[in-house]
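One structure below.
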Amino acid sequence: MNFSRIMNQVGFAQVSEIGSTVGTLGFKAAMSQVPAMRRMMGQSGETILKSGLGDDLETWLGVGTERLLHRNNYQLDEIGVAETNAGRWRDRIDRNLNRMNNVTAEASGMRQANIMLERWTAASVVQKFANMAAAGGKGMSKARLADLGLDEAMTGRIMKMFDEPGNFEFANGLITNKKVTRPHFDNWADKEAREAFLGAVDRSVKQIIQKNDIGNLIPWMSHPAAKMLMQFRTFMVGAYARQTLKSLHFRDGPALGAAIGTMAMAGAAYVAQTKVQSIGREDGWAENRLTWNKIGSASFARAGASSIVPMLVDTGMYASGQDAIFSHTRTTGQVSNMLFGSPTTGGIDDVIQAGRSLAGLFEGRDWSQEEARAIPRILPFGNMVPIVAALNTMIHDMPQWQSEYPN
């Protein structure tokens, strides 16, 4: 794991998924459930979400429980016996790396951003069905419902449950006068319809907020070599089926809305990230990154619908000796081609460049900004915004480039 790389994300990667939620579910459903998921202490001393809808979805579907699911202070063997500090030395190293991965996910803000988006999307899906029930079952095509595992008969049974007194609590909101505030799933008389509905919500959330669950990736992706080369790219590969192919198959309003929404939010996130990373820099780096061509290519590359397309294009460009189109677009700072865009291969190059930069200190010449920036790339959390901004301020008066390294 290259911690310096992943810290560069700081939640920027998740921003585009806001556009996916709004575009897929519609403005009315998404904006009716704008996140307000603070926790509070219950009478029994347990912490529960202040939002009744959010708390029930967490209980029934496990939405937003990533911190629990990614704990690594326990281990289960084949017969289900819990063990601590067990296993071969390689297993212990792997568990320690996973612990550091959890620290990185928390410090970068990615986990909290993802939890918030999952909760918001799940609540918006419930609101979407509530709006459909209020409109006589209209609001989603048969193809879209079938993709969620719901046929016409089951959809009718679900709509009936939404109209049954005591199954839901509603309030008057700014967007709709039937904002869902509490779903009483245990009150549903039609248990089969309840399970079908919860399954549809779960499937919808995992499609809109990209999540790689069991069976999502093709078998060869589990090979160690594939894992090494595809670090930080499993979501991209998963998005090929869940986003690209699905959008091309439906070719409808929600697919178009999701594509436009994700590209718009991805472009905004790219501009914001570039502005933040340029704090303290006076070398025109931000102006070069914020041309319309680069903002447009970043918007496309960071949208879920593009999935593997940028990687394939830049790999072809690199192999043919041409400049990459999407090399500036990844939130991790990695290059975009297939061969050298993993933290493993990129980390090896970072170590070499950092060594050459340190050697430059002993050559009796001015150290350059290019060399100074190579050092933090090999350090844990070297790409955190405060560290980057502080470094930019300290080295802004150095020469920008060291064009030739000594032989």
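Quick notes
- Taking (1) open to solvent by 80 Å² or more (accessible area, probe 1.4 Å); (2) modelled with pLDDT of 75 or more in turn, Asn73 satisfies each apart from (2).
- Filter result for Gly284 (out of contact with any helix residue (DSSP H, G or I) (no Cβ under 8 Å at 6 or more places or on another chain) and closer than 22 Å to Ile325 by Cβ): yes
- Pairs where the first residue, in segment 222-239, is open to solvent by 50 Å² or more (accessible area, probe 1.4 Å) and the second is hydrophobic (A, V, I, L, M, F, W, C), C-beta under 8 Å, 6+ apart: Lys227/Met221; Leu229/Met338; Phe232/Ile6
- Qualifying positions in segment 159-172 - open to solvent by 70 Å² or more (accessible area, probe 1.4 Å) and either more than 13 Å from Glu192 (Cβ to Cβ) or of a type in the set (A, V, I, L, M) (or both): Asp163, Glu164, Pro165, Glu169, Phe170, Asn172
- Verdict on Leu25 being open to solvent by less than 70 Å² (accessible area, probe 1.4 Å), modelled with pLDDT of 65 or more and under 30 Å from Val180 (Cα atoms): yes
- Within segment 374-396, the residues that satisfy the criterion of being touching a Gly at 6+ places or on another chain (Cβ under 6 Å) and open to solvent by less than 30 Å² (accessible area, probe 1.4 Å) are Pro376, Ala389, Asn392.
- Residue that is open to solvent by 40 Å² or more (accessible area, probe 1.4 Å), charged (D, E, K, R), on the phi < 0 side of the Ramachandran plot and more than 20 Å from the chain's Cα centre (by Cα), where the choices are Arg251, Arg281: Arg281
- As a summary of the residue check, Ala324 satisfies the conditions (1) open to solvent by 60 Å² or more (accessible area, probe 1.4 Å); (2) on the phi < 0 side of the Ramachandran plot; (3) at pLDDT below 85; (4) assigned to a loop (DSSP other than H, G, I, E, B) except for the one numbered (1).
- The set of residues in segment 355-373 being over 18 Å from Asp283 (Cβ atoms) and either charged (D, E, K, R) or open to solvent by 80 Å² or more (accessible area, probe 1.4 Å) (or both) consists of Arg356, Leu358, Leu361, Phe362, Glu363, Gly364, Arg365.
- The lone criterion from (1) in contact (Cβ under 8 Å) with a residue 24 or more places away in the chain; (2) crowded, with 20+ Cβ neighbours inside 10 Å; (3) of a type in the set (S, T, N, Q) left unmet by Thr274 is number (1).
- Filtering segment 177-201 to residues that are buried (at least 16 other Cβ atoms within 10 Å of the Cβ) and without any contact (Cβ under 8 Å) to a residue 40 or more places away in the chain leaves Trp188, Asp190, Ala193, Arg194.
- Residues satisfying the stated conditions in segment 168-183, i.e. out of contact with any Lys or Arg (no Cβ under 9 Å at 6 or more places or on another chain) and part of a loop (DSSP other than H, G, I, E, B): Leu174, Asn177, Lys178
- Of the residues examined, Asp283 is not one that is over 30 Å from Asn392 (Cβ atoms) and of a type in the set (Asp, Glu).
- Contacts under 6 angstrom Cβ, first residue in segment 150-176 being touching a residue at least 40 places away in the same chain (Cβ under 8 Å), partner open to solvent by 40 Å² or more (accessible area, probe 1.4 Å), 6 or more apart: Glu169/Thr181; Glu169/Arg182; Phe170/Lys178; Gly173/Lys179; Ile175/Lys28; Ile175/Met31
- Highlighted here are the helices (runs of 4 or more DSSP H) found entirely within segment 213-291 that include at least 2 residues which are more than 18 Å from Arg330 (Cβ to Cβ), of a type outside the set (Asp, Glu) and at pLDDT 85 or above: 246-250, 253-277.
- Selection from segment 138-158 of residues that are under 13 Å from Arg194 (Cβ atoms) and either among the small types (Gly, Ala, Ser) or not in a loop (DSSP other than H, G, I, E, B) (or both): Met154, Arg157, Ile158
- For Gln112: the one exception among (1) of a type outside the set (A, V, I, L, M, F, W, C); (2) at pLDDT below 90; (3) open to solvent by less than 70 Å² (accessible area, probe 1.4 Å); (4) at negative phi: (3)
- Residue in segment 135-144 that is farthest from Ile208 (Cα to Cα), counting only those that are without any contact (Cβ under 8 Å) to a residue 24 or more places away in the chain and hydrophobic (A, V, I, L, M, F, W, C): Ala135
The values are calculated or read from the model by the stated rules, or taken from the named source; none is laboratory data. Because the structure is a prediction, the values reported are computed rather than measured. Note: ideal-geometry Cβ built from the backbone for every residue, glycine included; neighbour counts use all protein chains shown. Ligands, DNA and RNA are excluded from the accessible area calculation, which covers all protein heavy atoms including side chains. Shrake-Rupley method; radii C 1.70, N 1.55, O 1.52, S 1.80 Å.
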